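Input: a single structure, listed below in structure tokens.
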Amino acid sequence: MELSNLVNDRAFLCLKDGTHTFRSNSYGSTDVLNLTFISPGLSPYSSWRVLDNIGSDHLPILVEIYLKVDCTGVKNLHWNFKKADWSLFEHISNNLISQEHISDNLEKEWSHFKHSIFTAAKSSIPKGKSIQTPTFFAHNSDLIKPLIAQRTELLNVIAPNGTLDKNIELNKPNAEIKKIYELVKLAESM
């Protein structure tokens, strides 16, 4: 209800073309579950499309906004949380937050809270250049690609027929895909 009110109050538009964004890997059914909202001013400069399956039951969505942005002088600096002085952050944020008396104006309180947190962060968390590490997407792995292809083939057979024995067959590639994802996550955390 709150999301609906916010969308209506701000006149946000929902980007979609009716393409399903979710496909049940167990039953082969589809639905439009993932939504993208955009302000009316950006709508003429935007596009929305559903991409190919990458191994999840939710399909990825690509939203592109075609605007030129002047990036002159913008530095690629990021918060370096490993070097943060957390006791200083706590001290500054507590002082700033407690200076203001609490009111019923939610927007004013939220703005004050954000300002307090960012002011504390600027004073206690240094910024530095981030090291770009290549991201490994498990769905591009040679171990998972054939399983995803097998699952997609089974889903294409199930969709028109809805046969239960094919649904049960889906459990095999789904279980293998899940196992490989878990192994990849475990390896990345070490």
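For the stretch 42-56, indicate whether the set of residues that are at pLDDT below 85, among the charged types (D, E, K, R) and touching a helix residue (DSSP H, G or I) at 6+ places or on another chain (Cβ under 8 Å) is non-empty. Checked against the condition, which is being at pLDDT below 85, among the charged types (D, E, K, R) and touching a helix residue (DSSP H, G or I) at 6+ places or on another chain (Cβ under 8 Å), the stretch 42-56 yields no hits at all. The single condition among (1) open to solvent by less than 80 Å² (accessible area, probe 1.4 Å); (2) modelled with pLDDT under 75; (3) not basic (K, R) that T119 does not satisfy is (2). For the stretch 57-107, filtered to residues that are at pLDDT below 85 and basic (K, R), the residue that is nearest to H20 (Cα to Cα) is K68. Just to be sure before I move on: is K185 assigned to a helix (DSSP H, G or I), under 30 Å from K82 (Cα atoms), of a type in the set (K, R) and modelled with pLDDT under 75 in the structure I sent? Here the answer is yes, as K185 does meet what is asked.
On the stretch given as the stretch 10-48, residues that are surrounded by 13 or more Cβ atoms within 10 Å (Cβ to Cβ), among the basic types (K, R) and either without any contact (Cβ under 8 Å) to a residue 60 or more places away in the chain or more than 30 Å from A175 (Cα to Cα) (or both) total 1.
The values are calculated or read from the model by the stated rules, or taken from the named source; none is laboratory data. Values in this document were obtained by computation on a predicted structure and should not be read as measured data. When we count neighbours, we look across all protein chains shown, and the Cβ atoms used for this are built from the backbone with ideal geometry, even at glycine. These area figures cover heavy atoms from the full protein model, side chains too; ligands, DNA and RNA do not enter into them. Shrake-Rupley method; radii C 1.70, N 1.55, O 1.52, S 1.80 Å.
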